[in-house]
Amino acid sequence: MAEIFVYIPHKDGVADDAALEMVAAARKIDAEAPLTALVVGDGADLDKVCEQAAAACAKVWKVSGEAFAYPNAEVIRKMLVNILPDKAVVLVAHDTFGMDLSPGLSIKLDVPFLSDVVDIEALEGSSLKIVRQEYGGAVSTRVSCDIGDGVVINVRPGAFKAEDAAGAAGEVVDKSAEAGDLSCGRRFLEVVEAEVGDVDITKADVLVSIGRGIEDEENIEIAEELAEAIGAVVSCSRPIVDAKWMEKSRQVGTSGQTVKPKVYMALGISGSFQHLGGLKGSPFIIAVNKNPKAPIFQVADVGVVDDILEFVPELTEKIQEM
Amino acid sequence: MDILVCVKRVPDTAENEIEVNSDGTDIERDDLVYSVNEWDNYAVEEALQIRDKVGGSVTVISVGDEESEEVLRREMAMGADGGILLSDDAFEGSDGRGVAAILKAAVEKGNYDLILTGAMADDGAAQVGGMLAAMLDRPFASLVNHIEVVDDKKLKVGREIEGGNQEMNEIDLPCVLSIQTGINEPRYVGIRGIRKVASLEIPVQGAGDLGIDPSTVGEAGAKVRRLEYFVPDLGEGAEILEGSTEEVIEKLIEILKAQGGIK
Ligand SMILES: Cc1cc2nc3c(=O)[nH]c(=O)nc-3n(C[C@H](O)[C@H](O)[C@H](O)COP(=O)(O)OP(=O)(O)OC[C@H]3O[C@@H](n4cnc5c(N)ncnc54)[C@H](O)[C@@H]3O)c2cc1C
Ligand SMILES: Nc1ncnc2c1ncn2[C@@H]1O[C@H](COP(=O)(O)O)[C@@H](O)[C@H]1O
């Protein structure tokens, strides 16, 4: 079995939750395979990340330098192609960095790419069987791939249960000198922070959240009326923001806000992982959706199969009568 | 600026309930409504806006069967100057890498300054754009939600990153960008617009025209293979409230009260 490499995402000296989840995924591929953490960045904080990675992996490759101060996927790809051995199995988080890095990395390493993997089922010989989702989570697929010559695997954040960092006492090896030529046609300029909106949905105890099922901008009213009746705040899924019907600051999800309400009402939301990724602290989820097979019903506590345009106004009316 | 936009014909998830077929070999394809992949529509709109600002042309391209012509035509009705359909029995069953390889061969037959893809399509892989860029050895940026033409050598692009923050980059032309939804407001295409482009010719190119060895693409060349489709059994799932609407509402109000959902 080839070596497994885990690319450790980190910020301000702290490894992301996804790091230990990927360690768990690596163990599921092959519990015996030697495991190496890739810790890339710049500055004093990097050693702290190496320490955290060393607790979970037998080896840590540290790559530091000014060029890595911001994780520019084009620069990091070049470095990885320079340092990785043949037949490496490389695990990367399927976040906005992993989506930027991995498809191209797989081409440059000339190995297959497995995107957004949610489960690993078996390795038989060099044939790996994994599970993915398609159509926004409506169906799953079992997928096979020969990883004998290596592979790049993007692992969905949150899909694997993090393995305890069990004092692996990994050895840290500084690979910075091997980074090689990093010249590339894309230069990082700056990060522009998201605008702050009029309402802070992250502070709300109860959210009435609407998705594409609301169908029309005018219908948003019915969610606002329900929210007013129960003392909640209105939030939404991404298509509502893309359509410019609500402000970006109202969007729940990985590319929007992370919320932790006590009760979350999902109205006409299908339940994609990017949306659910914004829900923290296991709120009580009530889903109303006209499709009984909508993925949201798999994570919700209570479900109503109905048309929100008819159901919600009736619900509001009953509450107002109380 | 000559821009190529890669578009895919996909089942419209807003119009269909996607289900697994009886033997788990595919989704149920009977009576599916198809449309252009949502992300690709934003990519085409962005290309049109750039062209209208700095001049040049927009070509839309798709790998698919003859039905994919309808999405090419739709995007031409939006304003694209031309379309190319890449179609061959040998292309069927391609994995992401195969699709990227087919597109690469077509790109090399043209002379494009900028290539746009959508960030992701129906199978959620988000891979073709990055693969195509690497095959062409051109700079790439994914999840682009802002494009500014600096001059004929470079662009300033914003990438959407976690939390709705935006990462600004400078990128050299020619390059490949994958476009995120919300970057613009795609224009509406009416039936009249479609009629206007109905008679325009859309050339079809196959493996032979593109100089592609059929064994490297399609089913034959795929390294990543779907074994089956299934619906996962994720524990208990929601308690579905049953009864008349009135009864459901009554139950729901009780639950809301119990959970602190009504103030
Ligand atoms: C990098 C990236 C980041 C992303 N970040 C986010 C994010 O932060 N937040 C986010 O939400 N998404 C995000 N997305 C998009 C995400 O993948 C989904 O496309 C999106 O969450 C779908 O929103 P939806 O559930 O409202 O729409 P759909 O998936 O279209 O679902 C609509 C649902 O409404 C139901 N419905 C329709 N009409 C009615 C009706 N009248 N009554 C009742 N039910 C009805 C349908 O059955 C369906 O289940 C991101 C995607 C990418 C690629
Ligand atoms: N068959 C295809 N024909 C043309 N473009 C495609 C095709 N498949 C994928 N793409 C492009 O690649 C993007 C990402 O798709 P995917 O990597 O399949 O998630 C899409 O938004 C399209 O722009």
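The values are calculated or read from the model by the stated rules, or taken from the named source; none is laboratory data. Not measured: the values here are computed from a predicted model. No Cβ is skipped: glycine too gets one built from the backbone with ideal geometry, and neighbour counts run over all protein chains shown.
Results for (1) at pLDDT below 95; (2) farther than 23 Å from residue B:192 by Cα; (3) surrounded by fewer than 14 Cβ atoms within 10 Å (Cβ to Cβ), shown as yes or no for each residue.
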position	(1), (2), (3)
B:3	no, yes, no
B:14	yes, yes, yes
B:30	yes, yes, yes
B:50	no, yes, no
B:54	no, yes, yes
B:61	no, no, no
B:68	no, no, no
B:73	no, no, no
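If only residues of the stretch B:130-158 that are more than 7 Å from chain A (Cβ to nearest Cβ) and within 13 Å of ligand 1 (Cβ to nearest atom) are counted, the one that is surrounded by the most Cβ atoms within 10 Å (Cβ to Cβ) is B:144. Please count how many residues of the stretch A:290-309 are acidic (Asp, Glu) and within 24 Å of residue B:19 (Cβ to Cβ). Number of matching residues: 2. Across the stretch B:83-96, the qualifying residues are those that are within 10 Å of ligand 2 (Cβ to nearest atom) and in a helix (DSSP H, G or I), and the one among them that is farthest from residue A:110 (Cα to Cα) is B:91. Is it the case that some residue within the stretch A:153-163 is assigned by TED's automatic domain parsing to the domain that holds residue A:27 and exposed (fewer than 14 other Cβ atoms within 10 Å of the Cβ)? Yes, because at least one residue in the stretch A:153-163 is assigned by TED's automatic domain parsing to the domain that holds residue A:27 and exposed (fewer than 14 other Cβ atoms within 10 Å of the Cβ). Mind listing just one residue for me: the one in the stretch B:166-181 that is in contact with a Ser or Thr (Cβ under 9 Å, 6 or more places away or on another chain) and within 9 Å of another protein chain (Cβ to nearest Cβ) and, of those, farthest from residue B:115 (Cα to Cα)? For the stretch B:166-181, the residue satisfying everything is B:167. Checking each residue in the stretch A:128-143 for being under 13 Å from residue B:226 (Cα atoms) and either more than 7 Å from chain B (Cβ to nearest Cβ) or of a type in the set (D, E, K, R) (or both) picks out A:128, A:129, A:130, A:131, A:132, A:134, A:142.
Against the criterion of being assigned to a helix (DSSP H, G or I), more than 24 Å from the chain's Cα centre (by Cα) and at the interface with chain A (Cβ under 7 Å from one of its Cβ atoms), residue B:255 qualifies.
This table checks each residue for (1) under 19 Å from residue B:237 (Cα atoms); (2) within 9 Å of ligand 1 (Cβ to nearest atom); (3) crowded, with 21+ Cβ neighbours inside 10 Å; (4) within 7 Å of chain B (Cβ to nearest Cβ).
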{"position": "A:212", "(1), (2), (3), (4)": "no, yes, no, yes"}
{"position": "A:280", "(1), (2), (3), (4)": "yes, no, no, no"}
{"position": "A:290", "(1), (2), (3), (4)": "yes, yes, no, no"}
{"position": "A:293", "(1), (2), (3), (4)": "yes, yes, no, yes"}
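The set of residues in the stretch A:298-316 being at pLDDT 95 or above and facing chain B (nearest Cβ under 9 Å) consists of A:300, A:301, A:302, A:303, A:304, A:305, A:306, A:310, A:311, A:314, A:315. List pairs: first residue in the stretch B:101-121 and under 13 Å from residue B:2 (Cα atoms) and in contact (Cβ under 8 Å) with a residue 24 or more places away in the chain, second residue within 16 Å of ligand 1 (Cβ to nearest atom) and basic (Lys, Arg) anywhere in the structure, Cβ distance under 8 angstrom, at least six positions apart or on different chains. Qualifying pairs under 8 Å: none. One residue is enough: does the stretch B:218-226 have a residue meeting the conditions part of a helix (DSSP H, G or I) and farther than 22 Å from residue B:125 by Cα? No, the conditions are met nowhere in the stretch B:218-226.
Report whether or not residue A:51 is in a loop (DSSP other than H, G, I, E, B) and more than 14 Å from chain B (Cβ to nearest Cβ).
When the stated conditions are applied, residue A:51 does not pass them.
Taken over the stretch B:159-189, residues that are of a type in the set (Val, Ile, Thr), more than 16 Å from ligand 1 (Cβ to nearest atom) and more than 22 Å from residue A:106 (Cα to Cα) amount to 1. Taking the criterion of being in a strand (DSSP E or B), within 8 Å of ligand 2 (Cβ to nearest atom) and more than 14 Å from chain A (Cβ to nearest Cβ), would at least one residue in the stretch B:36-55 satisfy it? Checked against the condition, which is being in a strand (DSSP E or B), within 8 Å of ligand 2 (Cβ to nearest atom) and more than 14 Å from chain A (Cβ to nearest Cβ), the stretch B:36-55 yields no hits at all. Taking the criterion of being touching a helix residue (DSSP H, G or I) at 6+ places or on another chain (Cβ under 7 Å), in a loop (DSSP other than H, G, I, E, B) and more than 10 Å from chain A (Cβ to nearest Cβ), the residues of the stretch B:7-32 that qualify are B:7, B:8.
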